[in-house]
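Working notes for the structure below.
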Amino acid sequence: MELAKTYSPQEIESKWYAYWLKNKFFESKPDHREPYTIVIPPPNVTGVLHMGHMLNNTIQDVLIRRARMLGYNACWVPGTDHASIATEAKVVNLLREKGITKADISREDFLKHAFEWKDKYGGIILEQLKKLGASCDWSRTRFTMEPKLNEAVIKSFVDLYQKGYIYKDWKIVNWDPTAQTTLSNEEVIRKDEQSKLYYVSYKIKDSNETITIATTRPETIMGDTAICVHPKDERYFHLHGKKAIVPMINREVPIICDDYIDIEFGTGCLKVTPAHDTNDYEIGQKHGLEIIDTFNDDGTMSEKAQLFVGEDRFVARKKVAELLKEMDCLVKVEDITNNVGYSERNPTTVVEPKLSLQWFVRMDEMVKPAMEHVMNDDIQMYPAKFKNTYKYWLDNIRDWPISRQLWWGQQIPAYYYNEANDYVVAENSEEALKLAREKSGNANLQITDLRQDEDVVDTWFSSWLWPISVFDGFDKNSKDFDYYYPTNVLVTGWDIIFFWVARMIFAGYEFKNEKPFKDVYFTGMVRDKQRRKMSKSLGNSPDALELIERFGADGVRFGMLSCAAAGNDLLFDESSCEQGKNFCNKLWNAFKLVKGWEIDETIPQPESAKVGIEWFNAQLNKTLVELEDNFEKYRLSEALMETYKLIWNDFCAVYLEIAKPAYQQPIDQKTYEQTTQFFEQLMAILHPFMPFVTEELWQNIETREEGESLMMNSFPKAGKVDEKLIDELNFAMEVITEIRTIRKQKNIPNKDQVELFVKINQKTNKRFDAVISKLTNLSSLNYTNDKVEGAFSFVVKSNEYFIPIAENIDVEAEREKIKKELDYTLGFLNSVNQKLSNERFVNNAPEQVLAIERKKQAEAVSKIKVLEEQLINFA
């Protein structure tokens, strides 16, 4: 295979992705190997690829590709979520464009339109993930509303109902007037915003007295059924047992006492509207108050409101305020900051507290194993700080409202069999008929007498089963489930820790008595450089596919991961993708350099190349050990940067300089073979992060057979780490840097050879002398016991180096240079001394860290002594 002159990501990416698919490298079937399993957080079927998806799925792909190369049976299951509210809204809008309303058609016809829409648009995001290089087992793609997964939802509903966990009741719920459905507390986004506080006077019956009440929602006054004061509030003792008149509608309501009231807040009086406030509802239940629902499901005023019927609630608010003012009942209006709930699915819609008959899941028992197994680290969270967030949610859990007033979703398996709405719960209508006949005692009941509940379950009630249902875990004897479950790691955003993560843990222990995953890796939010959340309205969210087009998938993957520490927000900057693209070019050019060398089998291996190989092998092993540690702790950004430094700094900038032959000269066989072997290992290490460019280069290292792929090769294993050898090279590189600096300062061309004399004051291994000589073009490297007069000098550690140069030395300039270095070293020693004199640091730091600091201290002391002597010599 001939390597192109320049790196062209688009051509390479499409070629190798097609090759991987053709050879079914992504597919997994149960076998003798240990599985490594990830289930994708299913994106909404309505979705398109955005920056959050790119980050999340790049991380998953890195983990699954590495696991595959480590010899695991790697299985990454893709799929999409049916997204009840979002998808139904899309279909309703689509029908509206055709002049059809939801009310005009049957449920069956609506679902037909919905599935047609899903089949046409629903796979877009999965196809886009392929552009990113996602190595999912596409043959396992699942959809939360496919028949098997629907069955799992219905079975779980019936199971929980039979256990007494699911019940139906009237409660105040969060109502989305746009979607006209219930929301859970977690689907309500709270925002502080400027509001008005209206002070309204209510007349006291059979009296000229009035009582003033403050409210932010005057449009609910028509639903007031009591006024409440604190029983110990002396201001209102005389009103106990009396009645007030609700303004505008002249309804008489009792003045009641309850210690729920905060005497210090507002006027100390509360208007009680049981149908439209959770706390008011509780007070209403306690005191047996009438419940008057003044809102329609779409957020307009109902007939029971008596006023402004059919008007939107916010229009009605203004009109109520005007009417109260006309009636001289509006005492005053204040500007305040108020916390308002918005629908997560319809961000511009204010959620309405509404009394509604809904289905709920009782959570108090289900939460216990989920709490225990996370807090004891049976399930580990990365970063661990999110355990506190998780605990907070579970400590404050409420029963879960799971019914949604929609058609798109799994229909609740409750069947009503009489006009009193008595019901049974069953997996299908045939089973329901048997139960209904038993429960009613009416053997003549027919299936046509049954009416299934119109509502569907919350989308999360299907996705909480995802790690179980994708492997058909509700089937008897599911080989896939037995083999792949529990999964290894879940990669997701921390913002759905309760929506989804906690609920999957509930489901895992409730239905399978087993955790759904061993680890949870939380990604942060993708933000711009100004720390703003990316959004279309701000215009700061780049088009994901356009980024891939400009920088290549590998460049974008690098850009995302290089600044994505676990759990921390990613401050995205396109320059990081540019860096990734440049890294691809660096690899490309390095490979072309190596492949361009002429090999001469007759020449011996130079000493510089031999020691360079030994050093790079040690550095490679050290990096592999660090990579293992970073992967175990899910520090993928650090792992990528370690790999980047190994390739760019150690291999390209140092090793290749040591190994490459002189200009237009051949290279020995041994060094060439070792260099290409190193290149092969580096491509394997980098492959999980940047799969396309590494595959292309690996395929070109030597002739490969059809069906071979880097992704199916073994990940390199760390050998012995020779730290001493690495330290010696670092020492040698300091010497090389100083010599190059003198060349630059004195305008000595690199082609002109120079001599180097070394006065050893510190024990030094001489094995890198050949490397120093080669990389600085020395004519000779000599050791001396005396200082060399008339030479430029420098100090590394405490060794002195001299370069004789046939020109007059500027004594004052040399003194200034030495003095500057002495000042710096004194400051450095002072900082080390401060650390070592800090009792807390010394008592808590690992011995290895203390040893490093003491070594720094000793080296600085030695260097200072030499520099001070040099200053005296230049006096």
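Quick rundown of the values:
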{"quantity": "Region 382-430 - Kirkwood radius from inverse mean 1/r over Cα pairs (Å)", "calculated": "14.7"}
{"quantity": "Cα-based Rg of region 339-404 normalised by 2.2 N^0.38 Å, two decimals", "calculated": "1.44"}
{"quantity": "Size of electric dipole in region 1-114: Cβ of Lys, Arg +1 and of Asp, Glu -1, about Cα centre, debye, nearest 20", "calculated": "140"}
{"quantity": "In Å², nearest 10: area of residue 740 left accessible to a 1.4 Å probe", "calculated": "110"}
{"quantity": "Among 30, 40, 634 - extreme Cα towards positive end, dipole of the chain, charges at beta-carbon", "calculated": "634"}
{"quantity": "Over region 623-674, volume per residue of the alpha carbon convex hull, in Å³", "calculated": "76"}
{"quantity": "222 nm mean residue ellipticity, helices alone, for the chain (DSSP H n ≥ 4; -39,500 (n - 2.57); rounded to 500)", "calculated": "-13500 deg cm²/dmol"}
{"quantity": "Descending principal axes extents, region 297-443, alpha-carbon based, whole Å", "calculated": "60, 57, 26"}
{"quantity": "C-alpha long axis of helix 544-561 to longest principal axis of the chain, angle in °", "calculated": "70"}
{"quantity": "Calculated FRET efficiency for the pair residue 766/residue 722, C-beta based, R₀ 25 Å, to 0.05", "calculated": "0.90"}
{"quantity": "Share, in percent, of DSSP beta bridges within the chain that are antiparallel, nearest 5", "calculated": "70"}
{"quantity": "Accessible area (Å², per residue) of region 788-856, counting only protein heavy atoms and a probe of 1.4 Å", "calculated": "62"}
{"quantity": "Percent accessible area from carbon and sulfur atoms, region 377-509, protein chains only, probe 1.4 Å", "calculated": "44"}
{"quantity": "Kirkwood Rh in Å, taken over region 389-500 so that all alpha-carbon pairs contribute", "calculated": "17.1"}
{"quantity": "Mean separation of Cα contacts under 8 Å, 6 or more apart, over the residue count of the chain: relative contact order %", "calculated": "12"}
{"quantity": "Region 720-791 - Rg and Dmax from Cα coordinates, angstrom", "calculated": "13.1, 45"}
{"quantity": "Charge-dipole axis of the chain as Lys and Arg at +1 and Asp and Glu at -1 on Cβ define it, positive-most pick from 228, 570, 471", "calculated": "570"}
{"quantity": "Share of carbon and sulfur in the accessible heavy-atom surface of region 130-276 [1.4 Å probe, %]", "calculated": "48"}
{"quantity": "Positive-end residue, region 377-491 charge dipole about Cα centroid, Cβ charges, pick of 416, 488, 459", "calculated": "488"}
{"quantity": "Charge dipole (debye, nearest 20) of region 311-439; +1 at Cβ of Lys and Arg, -1 at Cβ of Asp and Glu", "calculated": "260"}
{"quantity": "Taking N as its residue count, the alpha carbon Rg of region 1-97 over 2.2 N^0.38 Å", "calculated": "1.46"}
{"quantity": "Residue-normalised accessible area of region 528-601, expressed per residue, 1.4 Å probe, Å²", "calculated": "48"}
{"quantity": "Protection proxy ranking, peptides 23-32, 244-253, 699-708, average beta carbon neighbours within 10 Å, highest first", "calculated": "244-253, 23-32, 699-708"}
{"quantity": "Fraction of alpha-carbon pairs over 27 Å apart in region 722-875 - percent", "calculated": "30"}
{"quantity": "Rounded accessible area of residue 733 (nearest 10 Å², 1.4 Å probe)", "calculated": "40"}
{"quantity": "Residues residue 540 and residue 568, FRET efficiency given R0 of 22 Å [Cβ-Cβ distance, rounded to 0.05]", "calculated": "0.75"}
{"quantity": "Portion, in percent, of the accessible area of region 1-80 that falls on carbon or sulfur, probe 1.4 Å", "calculated": "53"}
{"quantity": "Diffusion coefficient, µm² s⁻¹, Stokes-Einstein with Kirkwood Rh over alpha-carbon pairs of the chain at 20 °C and 1.002 mPa s", "calculated": "65"}
{"quantity": "Whole-Å semi-axes of region 682-759's equivalent ellipsoid (Cα gyration tensor)", "calculated": "41, 19, 11"}
{"quantity": "Cα-based shape type of region 86-125, given that a ≥ b ≥ c are square roots of the gyration tensor eigenvalues and the cut on a/c is 1.5", "calculated": "prolate"}
{"quantity": "Around residue 715: net Lys/Arg minus Asp/Glu count, Cβ-Cβ under 13 Å", "calculated": "+2"}
{"quantity": "The chain: angle of helix 147-162 to the longest principal axis, Cα-based, in degrees nearest 10", "calculated": "60"}
{"quantity": "Cα-based helix-to-principal-axis angle, 636-645 vs the chain, degrees rounded to 10", "calculated": "20"}
{"quantity": "Mean Cβ neighbour count within 10 Å, used as a protection proxy, ranking 555-563, 300-308 highest first", "calculated": "555-563, 300-308"}
{"quantity": "Along principal axes, Cα extents of region 530-646, largest first, whole Å", "calculated": "67, 32, 18"}
{"quantity": "Heavy-atom surface of region 212-285, accessible at 1.4 Å and reported per residue (Å²)", "calculated": "41"}
{"quantity": "Cα gyration tensor, region 188-293 - rounded (a/c under 1.5), prolate or oblate", "calculated": "rounded"}
{"quantity": "Share of pairwise Cα separations in region 75-192, more than 18 Å, in percent", "calculated": "68"}
{"quantity": "Size of electric dipole in the chain: Cβ of Lys, Arg +1 and of Asp, Glu -1, about Cα centre, debye, nearest 20", "calculated": "940"}
{"quantity": "Table column - 3J(HN,Hα) (Hz), region 327-341, Karplus curve with 6.51, -1.76, 1.60, x for Gly and Pro", "calculated": "7, 6, 9, 8, 6, 6, 10, 10, 8, 9, 9, 10, 8, 10, x"}
{"quantity": "Kirkwood-Stokes translational diffusion coefficient of region 14-157, alpha-carbon pairs, 4 °C, 1.567 mPa s, µm²/s", "calculated": "76"}
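The values are calculated or read from the model by the stated rules, or taken from the named source; none is laboratory data. All values derive from a computational prediction rather than experimental measurement. Backbone-built Cβ (ideal geometry, glycine too); neighbour counts: all protein chains shown. Please note that ligands, DNA and RNA were not included when accessible areas were found on the heavy atoms of the full protein model with its side chains. Shrake-Rupley method; radii C 1.70, N 1.55, O 1.52, S 1.80 Å.
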